[in-house]
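Data first, discussion second: the structure below is written as C-alpha cells.
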Amino acid sequence: MGGVYECVKEAIVRPPGLPKANPTISSWQSPPDSVSNVRSAVLPKEVDIAIIGSGITGCSAARAIVSHKAGSAMRVAVLEARTAVSGATGRNGGHLISDTWGLFPELVDEFGLADAVDIARFSAENISTLRKVVSGLSDADQDTVEFRDVVATASLSDAQSWEGSKRAAEIFTEAMGPDFAIQIEVLADKDIAKACDFRFPLNDYSYANGVGFMKQHGAAALSAYRLVAAVWRQILDKHPKSIMLETETPVLSVEPETWQGKDGYRLTTPRGTIRASKVIHCTNGYTANLLPNLVGKLYPLRGTMSEQQLGPSFPQSGAEYSWTSTGLGSYDKKSDELLVNLWYAQQNPKSRNLFIGGEHQPIKEMLNGDDSKISSSARDHLSAITSKIFHNAGPTSVKNMWSGIMGFTADLFPFVGRLSKEMTGRDGNEEFIAAGFSGHGMDKCWLCGEAAALMALGEDVPAGFPKPFLISNRRIQDGTPEAAVKALVENIVCLANTSNDAAE
C-alpha cells in the first residue's frame, strides 16, 4: 500500500492525548447548561465504579447503574476532563438516523443474517429508547432538546453510490419487513423520471443535484447536548448521594491497586487520586490515551460542524426533514486533502438556521484529537458547500463553526464489554468499555453504555445485543493499523478507485 494508505496509517498510530483544555464552542453549547461545571468541593477518595467521560455513553452507563437493584447503593464517580458533555455528544450533527440499512448486505455477508438483523433492531431500539428518555424530561427541557421525528432524506451524487444504495435498501427491506420501525423509500432516479415524464423529486426537498434520492422513515433530529445535560440534572437531583459528576477532572492514569484487602484501581487526576473497584471507559476518540494497547485500533477523527443562516427562499422544513448528500470520496495527493463526500444537515425549527457538517481537509488535520482548531481547508469547504447542495439556500452566512472528535475502530464497530489484560496492558479484569462508534453513534451509544454498565454490575450480555459489537482479543488482534486504514479509506471515504496506483 502507498499514497493515501500510508498517510492515513501514519496519522492513526499517534496516541490521541487528553482532550484540549480550550476547545471550539459548538452552537449547541451556547449558552452552557447549568450542569456544565458541576463537581464536588473535594474529589472523593473511594467509589465503587468510576466512569470516565460524561457524554451520552457515560450518562447512559451512570443512569443504568443507579437504576439497577445491584447498583442503587453504590457510589459512582463520573470523571470528565473538561465541562460536562463537552466532547462529541455536544458537537455532533444532532441526527438520530440508522446507518444499518446501507451496511446491510455487507453485514449479512460477514456475520450472517441473524446478526445483521440484531444490529438493525438494536439501532431502531436506540432511537425508540431516546424518544422515551426525552418524554421523561420536563416540558422546559423538552423544548430546549427540540426532539422531532423527521424523514431523513438523502441525495446520491454518483451512479455507483446510487446503485449500491438501491441494492442495500432492497435487501434490508426484504429482511426486516414492512412493519419494522426503520423503512427505506427509494425514489426514481433521473433517467427513469425523464423516460416516464416524471418530475424528479430532488428539488421538492431543496437538493440542487444528484442521480438518485432516498428517504428514511423512523429517523429523528435533536440537540444531543441539551438532552444529555438535562438527563445529568435528573440523575444528580434524584441520586445526590450515589452519583458524583466531577468536571474539569482529567484522568491522567489508571493503575491496578489493592487497598484494605480489595483489588481495584487508582485513578490519578490533577485534583488528586481516586480509588475505584471498577472502571468504565466512555471516552470514544480519546480512549487509547488511557489504554495505549488500543492505539491504531481505536483512533480519533476530527469532524467539522457549522451553523449557517439561510436565504429567504429556503423553506422552514426542520420539523419535517433532515438532509444528507453523499457519494464517492476523493484524495488529492498534492494537497493531502481527503474528501469524505458525506454532508449532513438539519434545520433548527425555531431559528431556521441550518446545522451542517462534513469533512474535506488534509489527512493529518482530520486524523487527530485536537478540537481546539478547525483546519482552514475544512472551514473553506464547509462555508461554501450549502449553496452547492441546496438550490434555494443562498445567500448563506456562517454563524458559527466548530470541530469535534469522533472515535473510529479498525472494523468500524463499537467496542463494548470487559477489557482483558491484553487490551489494558495491566493487571485486573474489572475495566469495561463502550466506545468507538465510528462517526455514527447516536443510534448506538445509549444502549451500548447501558450494556457496559450492566456487565460491570455482573449481568450477562443483554439479550439481543449485537455480537459484533462485543470487544474480544480476536477483534483487537485482527484490528491492525493496516486493517483500520483499509476500512476507513474504502468504507468511510469510499474512494472512487482504491488501487495502489490511484492511491499513489
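The values are calculated or read from the model by the stated rules, or taken from the named source; none is laboratory data. Remember, it's a predicted structure, so these values are computed and weren't measured experimentally. Positions of Cβ are generated from backbone atoms using ideal geometry, with glycine treated the same way; all protein chains shown enter the neighbour counts.
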Next on the checklist: Can you pull out every residue in region 271-283 that is in a strand (DSSP E or B), out of contact with any helix residue (DSSP H, G or I) (no Cβ under 7 Å at 6 or more places or on another chain) and on the phi < 0 side of the Ramachandran plot?
Outcome noted: 273, 274, 275, 276, 277, 279
Checklist entry - What are the pairs, 6+ residues apart or on separate chains, where a residue within region 263-283 that is in contact (Cβ under 8 Å) with a residue 24 or more places away in the chain and charged (D, E, K, R) has its Cβ under 7 Å from a residue that is surrounded by 17 or more Cβ atoms within 10 Å (Cβ to Cβ) and part of a loop (DSSP other than H, G, I, E, B)? => result 263/428; 271/43; 271/249; 278/430
Next on the checklist: Give me the residue from region 36-57 that is closer than 18 Å to residue 223 by Cβ and touching a strand residue (DSSP E or B) at 6+ places or on another chain (Cβ under 7 Å) and, out of that set, surrounded by the most Cβ atoms within 10 Å (Cβ to Cβ).
Outcome noted: 57
Checklist entry - If you check every pair at least six apart or on different chains, which have Cβ atoms under 9 Å apart with a residue in region 426-453 that is closer than 18 Å to residue 90 by Cα and among the polar types (S, T, N, Q) first and a residue that is at pLDDT 95 or above and assigned to a loop (DSSP other than H, G, I, E, B) second? => result 438/411; 438/412; 438/413; 438/414
Checklist entry - What number of residues in region 163-186 are in a helix (DSSP H, G or I) and either among the small types (Gly, Ala, Ser) or surrounded by fewer than 19 Cβ atoms within 10 Å (Cβ to Cβ) (or both)? => result 12
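Given 322, 330, which one is under 23 Å from residue 397 (Cα atoms) and small (Gly, Ala, Ser)?
Criteria check complete, one pass: 322.
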Checklist outcome for this item: Exactly one of 43, 18 is in contact with a Pro (Cβ under 7 Å, 6 or more places away or on another chain) and in a loop (DSSP other than H, G, I, E, B), and that one is 18
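Has region 262-270 got at least one residue that is over 26 Å from residue 94 (Cβ atoms) and in contact with a helix residue (DSSP H, G or I) (Cβ under 8 Å, 6 or more places away or on another chain)?
Going through region 262-270, the residues over 26 Å from residue 94 (Cβ atoms) turn out to be 262-270.
Right, trim to in contact with a helix residue (DSSP H, G or I) (Cβ under 8 Å, 6 or more places away or on another chain) and you get none.
No, that holds for no residue.
Test of understanding: among 36, 72, 60, which residue is under 24 Å from the mean Cα position of the chain (by Cα) and assigned to a loop (DSSP other than H, G, I, E, B)?
36
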Checklist entry - In region 330-363, how many residues are charged (D, E, K, R) and either at pLDDT 95 or above or under 25 Å from residue 226 (Cβ atoms) (or both)? => result 3
Checklist entry - Restricting to region 401-432, what's the tally of residues that are part of a strand (DSSP E or B) and more than 15 Å from the chain's Cα centre (by Cα)? => result 6
Next on the checklist: Restricting to region 144-162, name every residue that is surrounded by fewer than 16 Cβ atoms within 10 Å (Cβ to Cβ) and more than 22 Å from the chain's Cα centre (by Cα).
Outcome noted: 159, 160
Checklist entry - Quick one: would you say residue 499 is at pLDDT below 95 and either surrounded by fewer than 20 Cβ atoms within 10 Å (Cβ to Cβ) or more than 23 Å from the chain's Cα centre (by Cα) (or both)? => result yes
Item to check | Search result, residues across region 259-272 that are more than 18 Å from residue 245 (Cβ to Cβ) and modelled with pLDDT of 95 or more | outcome: 264, 265, 266, 268
Checklist outcome for this item: A careful count of residues in region 311-327 that are of a type in the set (Phe, Trp, Tyr), under 20 Å from residue 382 (Cα atoms) and part of a strand (DSSP E or B) gives 1
Item to check | region 328-361: number of residues that are more than 24 Å from residue 376 (Cβ to Cβ), not hydrophobic (A, V, I, L, M, F, W, C) and not in a strand (DSSP E or B) | outcome: 5
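Based on what the data block shows, is residue 140 within 30 Å of residue 234 (Cα to Cα) and modelled with pLDDT of 95 or more?
yes
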Item to check | Within region 440-468, considering residues that are surrounded by fewer than 24 Cβ atoms within 10 Å (Cβ to Cβ) and within 23 Å of residue 295 (Cβ to Cβ), the one modelled with the highest pLDDT | outcome: 468
Checklist entry - Is it fair to say residue 386 is out of contact with any helix residue (DSSP H, G or I) (no Cβ under 9 Å at 6 or more places or on another chain) and under 30 Å from residue 130 (Cα atoms)? => result yes
Item to check | residue 87 being closer than 30 Å to residue 401 by Cα and surrounded by fewer than 24 Cβ atoms within 10 Å (Cβ to Cβ) | outcome: no
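Of all residues in region 364-376, how many are among the small types (Gly, Ala, Ser) and either crowded, with 20+ Cβ neighbours inside 10 Å or at pLDDT below 95 (or both)?
Adding up the residues that qualify gives 2.
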Checklist entry - What number of residues within region 210-256 are surrounded by 20 or more Cβ atoms within 10 Å (Cβ to Cβ), of a type in the set (A, V, I, L, M, F, W, C) and either assigned to a helix (DSSP H, G or I) or within 19 Å of the chain's Cα centre (by Cα) (or both)? => result 12
